[in-house]
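Please treat every number below as a calculation from the coordinates, not as lab data. Since this is a predicted model, take the numbers as computed values, not measurements. All Cβ positions, glycine included, derive from the backbone under ideal geometry; neighbour counts span all protein chains shown.
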Amino acid sequence: MEPLLFELGAPGRHDAKLPPVGVTERPLEELLPAGMLRQAPPAWPEINELDVMRHFNRLSQLNFSIDTNFYPLGSCTMKYNPKINEAMARLEGFAHLHPYQPSSMTQGALQLLHELERMLASLTGMARVSLQPAAGAHGEFTGILMIRAYHESRGEGATRTKVLVPDSAHGTNPATAALAGYDVVTIRSNERGLVDVEDLRRHLGPDTAAIMMTNPNTLGLFEEEIVTIAGLVHEAGGLLYYDGANLNAIMGTVRPGDMGFDVMHMNLHKTMSTPHGGGGPGAGPVAVAERLVPFLPTPTVETDGQTYWLSFDRPASIGRVRAFLGNFGVLVRAYTYLVTMGADGIVQASQDAVLNANYIKASLEDRFDVPFNQTCMHEFVISGDRQKAQGANTLQMAKRLIDFGFHPPTVYFPLIVHEAMMIEPTDTESKTTLDGFISAMRTIADEVEASPDLVRQAPHTAPIGRVDEVMAARKPNLCFTCR
Amino acid sequence: MLPTDCLYTQTHEYLRVQDGSAVVGITTHATEQLGDVVFVELPAVGRVLQKGESFGVVESVKAVSDLYAPVGGTVVAVNEALEGQPGLVNEDSFGEGWIIRLQPFTEADLAACLSPEAYAALIGG
Amino acid sequence: MPFNYLPHTEAERLEMLARIGVASIDDLYQAVPDSLRHFELEIPPSASELEVNRRLSSLAARNVPTSQVNSFLGAGAQRRYAPAAVDWVLHRSEFLTAYTPYQPEVAQGTLQVIYEFQSLICQMTGLDVANASLYDGSTAVPEAAFMAMRITRRPRVLIARDVHPEYREVLATYASGPHADIAEVPLSGGMLDRARLAELLTPEVACLVVQVPSFLGTVQDMHSLAEQVHAAGALLVVVADPTSLGILEAPGAYGADIVVGEAQAFGNAVAFGGPYVGFMACRETFARQMPGRIVGQTLDSRGQRCFTLTMQTREQHIRREKATSNICTNQALNALAATVHMAVLGPTGLRDLGRIGLQRAHALAEKLARLPGFSLAIDAPFFNEFVLRLPADANATTTALAERGILPGVALGHWYPEYADCLLVSVTELNTPEDCDRLVDALADLPATRSVVAR
């Protein structure tokens, strides 16, 4: 167990010099209102640099990470984070650019943004892309606002009040729709795990603003009737929003724009290999079809082929969704990945992602229930019902995987599968790793049959045992000095 | 074993008429689904509720459930003990884990609730 | 030829296809309608790392970063010195490539760092609880505003006109959602118009959002402002600059109910605008209304202290349409950078850092104000940024100085018409006294300045 920062150090032990002020100092009381001077310094610890480094290095050793462990996390696309991405983002000419510098000094950066926009637009079959949103959910919110602006521009803002969301959808979809002021209507999935088109028909009408979907869906299944669905929604005057979380399945094979989607976001920290960093930063660019282009956030990057500039000339824009231009450092990493993989590599990446998922499924379907057993895309969902009846549930099996050195897959999502476990291997894993995972899963299935306690009490080898989440929520201790 | 001195709702609330007011909580079936309750969001005393109106929230670590008024009425009391001990909802759902008291209520509203037998059938046993 | 990061051989692919029971990968895409499969990708062909490095390096070389000029640009994106230790820690793979800490048994490193970040923010702001970070300072503002509306059950938000203009724009965009009612409190003499505020503080107002120091650099006494806001039953939301909080009073001490801001100045490069790291802290009673992830301390099954994400039922993945926000990301890596920087700084370092910017800015302002035709546009106390009135057009001035390798400040005219001939000048530890003197000399040397003298 590693001490907290506040348990390290001692008064006066701080040993990092700062430069001298270098000018004649005036008394603080002369410069600032008396009541605004800090009375007591913050209770920050005073630690020498060596002990700071030891602290963070030791903490890092308590983590799993892609660089140390396989993460078959469904809907997260935990692919390798290339180190060249890190090096390029740190180039002086990128890292030390101030967002308010004149564009004559930032042409290289603007060019990168423009080229990235063109590549992402082409990849998704859309007309334009805003690189402003800071994360997928942020991009979703931006997209929904554009949908709303579109309907308002046609005088239908007050009547189109409903957003349709499949029951298999990720939680951000209804949360985003509600944040934008819409009522959320749930559409059922059919027995094949796909959107029930009849249920959709019943709910479509003049009050439909949009449907939010992903394809492949959260079960990893391709929505075969997507062209029909798009036609129905457009006929009813609604728009289609695509949640780009599952883009890794289809790059270079099929494009959301061609399927009929009007707006979508991408998760660069999933599909485009930018690192998760323990929870962020990400980036969630929003791509739109022609009819939504007038509503894009400003500024956009424009060019005449030689020079690049920022344009605020978009009268129907929904406005800004954040200060400055976007998570530029993340965008540099995504750009680096795209020009590395290239058009040919990106196609192969998606294909390998799909191949890997189907390989694992084929290797496990005799031991685990796979409720929707048609060909999957880049991920698939198993149900732990069989094992639950034998004595250990999905959560326990997932924790047992930790003892084998694997991060647990996504569990209990999507909600429409009991004891769900969603597995997404991604494209960057070797066959050796995949076989190791398959072997571990099969061993766990054996253990559940023969000695379920081993699974129920897992993990056994992690730095800590099972966490008391009830205590954490009942008596929150969220800050060291302020209980 | 469902208390027979209570009436029930489709959304797993119970009510017991006591001293002219309706004591409302959630059933053991509900708390078993939810898991350990970590927080209960209570309405303000004095708030007027319609039958079926959402008046608060019960949170566990992994799920959250809205609470719906089984009958209309004014909130005359809330169980303040739940602030420090939300687990009472699990430990003694029908007793110390009560959530609010409503008063007055109509016979019509009461009649529209589920009998113990009907609720038992709903939850399958 | 291999593809980068794709390890399978053709033989392995065939083996895998055989296990699956199909002849080719194409068979796995059968559900995809053929009509949708024909298009060209406008992406260049794959390249080696060497070629990619060249391509990116040449793009970077087309930029002139602030590290190569004498820059006085601030305005919400701070050029600061991050100790080398910060980037070293960011290079730890186990931090960089870790996932969101939903499985606490294998994420204690990330979780403990976030708890430390939350604690440092609380200690710095003088409030009780903080979350694991938000996207940035700008998006933290609508999150705080909506939080105040939920807590007070009131529909209106007041925001001071000297809050960062882009932050105000973001609030307006977000508010078009639940149709919150936003009203701006004007300025008088460059400071918040208190008389107008009194008129606007009606019983519908959930909160007043102010920035301290303001976007224009000024510092006003906040105690009486907090009283005025609280007397109206509203909450006080303060957008704070963490680098000022070693010198300036903690917002919690003068009555702030919610504090948000941008922590980029700690450990994160300006990076052309992002990724940054927003923070939020609030009073204990409001904790359950706070959006975003929160890490709490607890015990494990062996009785050891450990950390976990908690109060998750507020979040999107459980609450769905009733979530407090739709946030799914915190800026964990940027928060880590900030935490390392704050750990290295310590409380004395924080104070000294603030002193350097404050004193150098005042020394510079004094010299600039003595130049003919120049003046400080706002007669009020300021911290390390100030509004400089020029004898010439702001854009012409910045162009002329850019040619001399100096970025004197951010032009304000497009946001504040009354400051059309002004620049916002920012001074940090990266602006040496010599750099400041060079700015003075360059401005003194401008034709416009000299012509004022001649007159």
Per the Kirkwood definition applied to all pairs of different Cα atoms, how many angstroms is the hydrodynamic radius of region A:5-60? 14.3 Å
Proxy exposure order for C:115, B:14 (fewest C-beta within 10 Å first) is C:115, B:14
Under a crude label model (7 Å from the Cα following the beta-carbon direction), how far is residue A:192 from residue A:303 in nanometres? 4.3 nm
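What does the charge dipole of region A:344-456 about its Cα centre add up to, to the nearest 20 debye, if the Cβ of each Lys and Arg holds +1 and the Cβ of each Asp and Glu holds -1? Spell out each step's value before the answer.
Values: 9 positive and 17 negative charges, 57 e Å.
Here region A:344-456 has a charge dipole of around 280 debye.
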How much net charge surrounds residue C:403 when only other residues with a Cβ under 14 Å from its Cβ are counted (Lys, Arg +1; Asp, Glu -1)? +1
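Could you grab the relative contact order for region A:192-345? Cα pairs under 8 Å, six or more apart, rounded to a whole percent. Mind dumping the intermediate values first?
Values: 209 pairs, mean separation 24.9, N = 154.
In percent, rounded to a whole number, it is 16.
For the pair residue C:283 and residue B:96, what calculated FRET efficiency results from E = 1/(1 + (r/R0)^6), where r is the Cβ-Cβ distance and R0 = 41 Å, to the nearest 0.05? It would help to have the intermediate numbers written out before the result.
On the way: r = 30 Å, r/R0 = 0.73.
Step by step, r from the Cβ atoms, then E = 0.85.
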Greater than 29 Å separation of Cα atoms is the criterion. Which listed pairs, A:388/B:51; A:162/A:388; A:162/B:62; A:270/A:361, meet it? A:388/B:51; A:162/A:388
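Of the peptides A:227-238, C:195-206, how do they stack up when ordered by the mean number of other Cβ atoms within 10 Å, highest first? Mind showing how you got there, number by number?
On the way: A:227-238: 17.6, C:195-206: 15.5.
Packing order, densest peptide first, comes out as A:227-238, C:195-206.
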Based on C-alpha coordinates, I'd like the Rg and Dmax of the protein assembly as shown, in Å. 29.1, 100
So for the pair residue B:115, residue B:74, with labels modelled 7 Å out along Cα→Cβ, what separation do we get in nm? 3.3 nm
Which distance in Å, rounded to a whole number, links the C-alpha centroids of region A:274-324 and region C:52-89? 22 Å
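Determine the calculated [θ] at 222 nm for chain A from helices alone, applying -39500 (n - 2.57) to every DSSP H run no shorter than 4 residues and normalising by the residue count; nearest 500 deg cm²/dmol.
-11000 deg cm²/dmol
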Once both axes come from the Cα atoms, what is the angle between helix C:332-370 and the longest principal axis of chain C, in degrees from 0 to 90, rounded to 10? 20 degrees
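Would you work out if chain B is rounded, prolate or oblate? Take a ≥ b ≥ c from the square roots of the eigenvalues of the alpha-carbon gyration tensor; rounded if a/c is under 1.5, else prolate when a/b is larger than b/c, oblate otherwise.
Values: a/c = 1.63, a/b = 1.09, b/c = 1.50.
Oblate.
What is the fewest-to-most order of C:419, B:8 by other Cβ atoms lying within 10 Å of their Cβ?
Numbers: C:419 21, B:8 24.
In increasing order of surrounding Cβ atoms, one gets C:419, B:8.
For chain C, what is the relative contact order in percent, using Cα pairs closer than 8 Å and at least 6 residues apart in sequence? All intermediate terms of the calculation are to be shown ahead of the outcome.
Numbers: 797 pairs, mean separation 89.0, N = 455.
With pairs under 8 Å counted, the relative contact order is 20 percent.
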Alpha carbon convex hull of region A:389-483, volume per residue in cubic angstrom: 152 Å³
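Once you charge only the Cβ atoms, +1 for Lys and Arg and -1 for Asp and Glu, what is the size of the charge dipole of region B:7-108 about its Cα centre, to the nearest 20 debye? Working shown, then result.
Details: 5 positive and 14 negative charges, 62 e Å.
The dipole of region B:7-108 has a size of about 300 debye.
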Assign unit charges at the C-beta atoms only (+1 for Lys and Arg, -1 for Asp and Glu), then state the dipole size of the protein assembly as shown relative to its Cα centre in Debye, rounded to the nearest 20. 1600 debye
Around residue C:167: net Lys/Arg minus Asp/Glu count, Cβ-Cβ under 14 Å: -4
Membrane-span-like helices in chain A: DSSP H runs reaching 18 Å or more (Cα, own axis), mean Kyte hydropathy at least -0.5? A:107-124, A:136-153, A:328-364, A:431-450
Show that you can apply the helix-only estimate: for chain B, add -39,500 (n - 2.57) for every DSSP H stretch of four or more residues, divide by all residues, and state [θ] at 222 nm to the nearest 500. -4500 deg cm²/dmol
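Per residue of A:325-332, how many C-beta atoms from partner chains lie within 10 Å of its own C-beta, taken as a mean?
On the way: counts 3, 4, 10, 7, 11, 4, 4, 5.
Taking all residues of A:325-332 together, the mean is 6.
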Using a 7 Å offset from the Cα along the Cα-to-Cβ direction at both residue C:227 and residue C:450, what is the distance between the two label points in nm, to one decimal? 5.4 nm
Label point at residue C:27 placed 7 Å out along Cα→Cβ; residues across region A:369-383 whose backbone nitrogen lies under 18 Å: A:373-378
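For C:139, A:176, C:152, A:481, what ranking results if the residue with the fewest other Cβ atoms within 10 Å of its Cβ goes first? Each step should come with its number before you reach the end.
Working: C:139 30, A:176 35, C:152 18, A:481 11.
So the residues, fewest neighbours to most, are A:481, C:152, C:139, A:176.
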